[in-house]
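S.K.: Starting off with a structure, shown below.
The values are calculated or read from the model by the stated rules, or taken from the named source; none is laboratory data. Note that this is a predicted model, so its numbers are computed, not measured. Cβ placement follows ideal geometry from the backbone for every residue including glycine, while neighbour counts extend to all protein chains displayed. The area values use the complete protein model at the heavy-atom level, side chains included, leaving out ligands, DNA and RNA. Shrake-Rupley method; radii C 1.70, N 1.55, O 1.52, S 1.80 Å.
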Amino acid sequence: MSASPRERYLAAYAQLRAGEGRGAGGEAELLALPYLTTGPLARQWEVRARTYDRFVTRVLSPLTANRGRPLRLVDLGAGNGWLCYRARLLGHRAVACDVRCDTVDGLGAARPYARHLPRPLDAVAATFEALPFPARTFDVALFNASLHHAEDLGRVLHEAARVVASGGRVAILDSPFYRRAETGEAMVEEKKRNTVQRYAALADDLLALPSIEYLTARSLKEAAGSALTFRKHRVTYPAWYELRPLKALLTRSRPPSRFDLWVADVA
């Protein structure tokens, strides 16, 4: 039986991530995330650490005070589970959910955390579109650098809202947002060309799924409908990141995306 497009994509994506050096630092790197300061991926994690810190101060800390107890989180697109590990260290209960189970930086890479926690991380393999959790299970559902991999944005957001209890939050971390859809589409075309040029042997599989790839404030609002109203919490990133729009203007190149933190309350 031939592999499905999703199976082909997952296998190719694991190869791509390994080639980028993901997980190459072993357990020490895993425990450092997101505060990784050495290696070829340090600059990327410098950005992601800022988003995580903002998530803690704007979502976890206030909601914990409001609930008067530790929170129940589900990390959608958890990868190797680093955010769940951090949440556990803060005293919360967290479930790592991802369709990827590889040992590069998928759920299979989370095993070393068991040596540093009273019990292993809870991990569930599932797609965003069909979460295997009862309604109102969690206080927070978060998309961890993952929402742009969704294929049906409306369905994914409604699934996230379904599993969050009243008064909880749905949060989006580290997904690329553009002001204009035209700019996002230009990025998608660039990405396709670069994938074919740089990863010729994997290109067909890496492009096998129709992921949305980016968001705009408008696309997010339209997909969420009346279920969720998102607010942007701007994150102050390193100077080199914040200066990217100026560089793009001076070089007449495509305006870059922003990550930031987007949060919606659940009624």
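Yes or no, residue by residue, for (1) over 20 Å from VAL59 (Cα atoms); (2) open to solvent by 30 Å² or more (accessible area, probe 1.4 Å):
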{"residue": "THR103", "(1), (2)": "yes, yes"}
{"residue": "ALA110", "(1), (2)": "yes, no"}
{"residue": "TYR113", "(1), (2)": "yes, no"}
{"residue": "ALA125", "(1), (2)": "yes, yes"}
{"residue": "THR137", "(1), (2)": "no, yes"}
{"residue": "PHE143", "(1), (2)": "no, no"}
{"residue": "HIS149", "(1), (2)": "yes, yes"}
{"residue": "ARG155", "(1), (2)": "yes, yes"}
{"residue": "ARG162", "(1), (2)": "no, yes"}
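S.K.: Given segment 152-208, what helices (runs of 4 or more DSSP H) lie entirely inside it while holding 2 or more residues that are out of contact with any helix residue (DSSP H, G or I) (no Cβ under 7 Å at 6 or more places or on another chain) and more than 18 Å from ARG231 (Cα to Cα)? Can you show your working first?
M.R.: Values: elements: 153-162, 181-198, 203-206.
The qualifying helices (runs of 4 or more DSSP H) are 153-162, 181-198.
The rows are residues; the columns are (1) among the acidic types (Asp, Glu); (2) touching a strand residue (DSSP E or B) at 6+ places or on another chain (Cβ under 9 Å); (3) farther than 28 Å from ALA14 by Cα.
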| position | (1), (2), (3) |
| --- | --- |
| LEU147 | no, yes, no |
| LEU153 | no, yes, no |
| ALA201 | no, no, no |
| LEU207 | no, no, no |
| TYR214 | no, yes, no |
| ALA223 | no, yes, yes |
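S.K.: Scan segment 112-148 for residues that are under 30 Å from ALA28 (Cα atoms), of a type outside the set (S, T, N, Q) and assigned to a loop (DSSP other than H, G, I, E, B) and jot them down.
M.R.: LEU117, PRO118, ARG119, PRO120, LEU121, ALA126, PHE128, ALA145
S.K.: Any residue that is surrounded by fewer than 20 Cβ atoms within 10 Å (Cβ to Cβ) and closer than 23 Å to ARG69 by Cβ - is there at least one of those in segment 184-203?
M.R.: Checking segment 184-203: not a single residue is surrounded by fewer than 20 Cβ atoms within 10 Å (Cβ to Cβ) and closer than 23 Å to ARG69 by Cβ.
S.K.: In this structure, does SER226 turn out to be open to solvent by 60 Å² or more (accessible area, probe 1.4 Å) and of a type in the set (S, T, N, Q)? First the steps, then the outcome.
M.R.: Working: open to solvent by 60 Å² or more (accessible area, probe 1.4 Å): yes; of a type in the set (S, T, N, Q): yes.
When the stated conditions are applied, SER226 passes them.
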